[in-house]
Amino acid sequence: MNALYTGFKKTFQDAFKGVTPQYRAIATVVPSKSAAETYAWLGDMPRMREWIGDRVIREIGAHDYTIRNRKFEDSVRVKRERIEDDQFGLYKPMFAEMGRAAAEHPDELVFGALLRGFTSECYDGQFFFDADHPVGGGTVSNMQDGSSEPWFLLDVSRAVRPLIFQERIKAGKLIKLDREEDANVFHRDEYVYGVRGRYNAGYGFWQMAFGSKAALTPANFKAARTAMRKLTNDEGAPLGVRPGLIVVGPGNEDAAREMFEAERTSSGATNTLRGAVKIIVSGWLA
């Protein structure tokens, strides 16, 4: 049984390590040490100022945005007689799929959070993508309304990215119940294998993201990019946001590649948007 478990575990881990997830491109990965973490510093974007007189000390902790870890699992059972009859090879693809699914699950959470940003709150109490984020004495929008498949323009050049992936326990270990005295073996004549993890996804600075439900066109992209570049802090100083990544679902992939990768437009003119942003296509936005 130890040799069998070693084989299943290697199959699982090889598949787990063979996945290249996309979430790290848009999310800050934060190690978690408890059931939940509070990000009191969100909203306090650092900025240098000229030192005249005494220092001006910014108070960190005005916000109370908390991400609570969630628990996830995946489990399978293997009939004992299949192992006795040397049919364990039939189960290797299943364990490979378990490893792949565990490695890709953070993508599902992070890109799912991005998609739900139009209806989920961030640190300032507004939806992550909203028309009236409070800034200074007024409000600012980081969204376009519409009825098309959503797309997202992001600045991922900073230490804190638009999304946060909070990791308490990685779902990268296969565990087993295969001893004679285990209840599943004694009562049901089957072995049980599973994986568990504790983590969650949430939101960082809304200023680093722009969400659009409008059609992905050059005009709408330019409007989103301009809106992000013009963002200021509460004192009116520019934030220096530099959007360099666009996240699209399968329905917008062709439009994105034509807009940002083609040398010429459909009319034959030089494509001035070529290379303006990098593209990530996520199936979790479908």
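The values are calculated or read from the model by the stated rules, or taken from the named source; none is laboratory data. Quantities reported herein were computed from a predicted structural model and do not represent experimental measurements. Every residue, glycine among them, receives a Cβ derived from its backbone with ideal geometry; neighbour counts consider all protein chains shown.
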(message) Contact list please: Cβ distance under 7 Å, first residue in the stretch 165-188 and farther than 20 Å from Arg68 by Cα, second residue among the acidic types (Asp, Glu) and surrounded by 13 or more Cβ atoms within 10 Å (Cβ to Cβ), pairs at least six apart or on different chains.
(response) Asn184/Glu190; Val185/Asp178
(message) I'm told Asp254 meets every condition in (1) more than 22 Å from Ser282 (Cα to Cα); (2) exposed (fewer than 15 other Cβ atoms within 10 Å of the Cβ) except one. Can you identify the failing condition by its number?
(response) (1)
(message) Going by what's in this entry, would Arg196 be described as at pLDDT below 95 and either more than 20 Å from Ala227 (Cα to Cα) or surrounded by fewer than 19 Cβ atoms within 10 Å (Cβ to Cβ) (or both)?
(response) no
(message) Tell me yes or no: at least one residue of the stretch 61-73 is closer than 28 Å to Asp189 by Cβ, exposed (fewer than 15 other Cβ atoms within 10 Å of the Cβ), at pLDDT 85 or above and β-branched (Val, Ile, Thr).
(response) no
(request) Kindly indicate the residue of the stretch 80-112 that is basic (Lys, Arg) and more than 23 Å from Glu181 (Cα to Cα) and also farthest from the chain's Cα centre (by Cα) among those meeting that condition. (result) Lys92
(request) Select, from Ala219, Ala227, Ala215, the only residue that is modelled with pLDDT of 95 or more, over 24 Å from the mean Cα position of the chain (by Cα) and more than 30 Å from Ala101 (Cβ to Cβ). (result) Ala219
(request) State which residue is nearest to Met94 (Cα to Cα) when the search covers only the stretch 152-193 and only residues that are modelled with pLDDT of 95 or more and aromatic (Phe, Trp, Tyr). (result) Phe165
(request) Output yes when any residue across the stretch 248-263 is modelled with pLDDT of 95 or more, under 18 Å from Phe128 (Cα atoms) and among the β-branched types (Val, Ile, Thr), and no when none is. (result) yes
(message) Filter the stretch 2-40 down to the residues that are free of Cβ contacts under 8 Å to residues at least 60 places away in the same chain, within 18 Å of the chain's Cα centre (by Cα) and in a loop (DSSP other than H, G, I, E, B) and list them by number.
(response) Thr20
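If a residue has to be hydroxyl-bearing (Ser, Thr, Tyr) and modelled with pLDDT of 95 or more to count, how many in the stretch 266-282 make the cut?
Of the residues in that region, 3 qualify.
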(message) One residue is enough: does the stretch 234-246 have a residue meeting the conditions surrounded by 13 or more Cβ atoms within 10 Å (Cβ to Cβ), within 25 Å of Thr20 (Cβ to Cβ), modelled with pLDDT of 95 or more and among the small types (Gly, Ala, Ser)?
(response) yes
